[in-house]
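Report on the following structure.
Nothing in this text is a laboratory measurement; each read-out follows from the coordinates by a stated rule. Treat the numbers as computed from the prediction; the structure is a model and nothing was measured. Counting neighbours? That spans all protein chains shown, and the Cβs are built from the backbone with ideal geometry, glycine included.
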Amino acid sequence: MNKIPLHWRILVGMALGIAFGCIAIQFNPAESQKDASQQVESVHETTNSEQTFGAAEPTKVFRTGSNFVIDWIKPFGTIFINSLKLIAIPLIIASLIKGVSDLKDISKLSSMGLRTVGLYLCTTVVAVSIGLLIVNIAQPGKLIDEQTRETLVEESLEKAQSKISAANDTKDKGPLQPLVDLIPGNIFSAASSNGNMLQVICFVIFFGIGLILIPEEQARPVKMFFDSLNAVILKLIDLIMLAAPLGVFALMASLVAETPSLDVFQALLSYGICVLIGLGLMIFVFYPSLIMIFARRNYLWFFRGISPAQMLAFSTSSSAATLPVTMERVEEHLGVDDEVSSFVLPVGATVNMDGTSLYQAVAAVFIAQAYGMDLGLNGQLSIVVTATLASIGSAAVPGAGMVMLVIVLGAIGAPEAGLALIFAVDRILDMARTVVNVTGDASVSMLVAQSVGKLKTPEEITQHQAVDQR
């Protein structure tokens, strides 16, 4: 089994998980409840006749297939995600300090930082523009009638309200609050949550700069420690990925089991297709074009290298949880030097949200169309600017894009309650846009590596892998 490439094992796990979930939900809930009630009555009769303390409320003996998946299968997927999240912060700290200290020159850090941020902003603007182009051509919001809109809002408004509240809290903090949030008051408190990853990155870069500026003999013990810690973390990633097929199986099975009525999805099909088309253009057209033109690499070779990280991103819906695997694939299979990947990828997991930006553009226009709003050029430009800036502040965790979407809706004057219109299909689209986020991070890392002469050729990668196997 180990001879089968990882991406194929993950793909098989996904397929089996979907199949298992589909089979599980076929069990008739009504029949299960009937059987359960019969068992409950039997228990009541027994306990009453024996006058025992067991007459307390009995548990159900038979459960539906969905409940079985949620209770007995989903926890394994949760354990797998938590395992990846567990080492996300240690990985960022160890790899980023190693990468910054290896530069030995602050001028190299500033040069690499400017190229990285510049490329991330450019790809984000392209993603938003593609989303706006597609949604303006298709106009899916105009296909939603009044009755369907009221039904969707009624079903999802309570869930959407928490996102609206969180976004309003963000807006009330002032225009410079994102700059204030970059600097943590307590690094240990910041490192306790993956949502504070940008704060951790700022501290680690600051720490790495200090390590460069002190005499080499004083910095050597600290650098050796973090070099060793980085090697340990990478080995832990290898161990966790052994369970990736099982973890992905559990995640996909639980996703199917928790899926609401298909009638709701049919009303949002046109909107979902617009988002998926845009995301597909990013993955299969835009990024491969960048790789072929600027990095001079075959796009099929690129996809073979990054595909396990893409599939894991699809399963977890979290760039942060996928980051360990993304770094391993980019370094070992795409040939990006760890000096570059250890800086570009952690920053990208927090700053670069191309898929999220595209989704926000489509969703904002879709909601405006559904409520009969006519967005002019100024409204469209507001979406480009707001979605680009909002994506930078999005946490690399599932569902964060919904919070940032409220800010985008506010910029164009669309009703925040419209968030409830798209809540039913957000989970599926969140999985797809995370794939774009991860692919964008990998693409930019290759472009930056190529620009600074730190990108290995396919032949050098093969030789390196052969040495490692020995």
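Of note:
- Per-residue HN-Hα couplings for the range 76-81 [Karplus 6.51, -1.76, 1.60; θ = phi - 60°; Hz; x = Gly/Pro]: 5, x, 5, 4, 5, 4
- Calculated from the alpha-carbon coordinates, the range 277-317 shows an Rg and a Dmax of 10.9, 31 Å respectively.
- Restricting the trypsin sites (Lys or Arg not before Pro) of the range 280-344 to loop positions (DSSP other than H, G, I, E, B) with no more than 13 neighbouring Cβ atoms within 10 Å leaves R296.
- Extension gain for L133-V232 works out to 31.1 nm (0.36 nm per residue, less the C-alpha to C-alpha distance).
- Site pair S110 and A219 shows an inter-label distance of 1.6 nm when each label is modelled 7 Å from Cα along Cα→Cβ.
- Among A231, S270, L312 - extreme Cα towards positive end, dipole of the range 197-343, charges at beta-carbon: S270
- Restraint check, K85/K454; K74/K235; K74/K456; K108/K235; K235/K456, Cα-Cα greater than 32 Å: K74/K456
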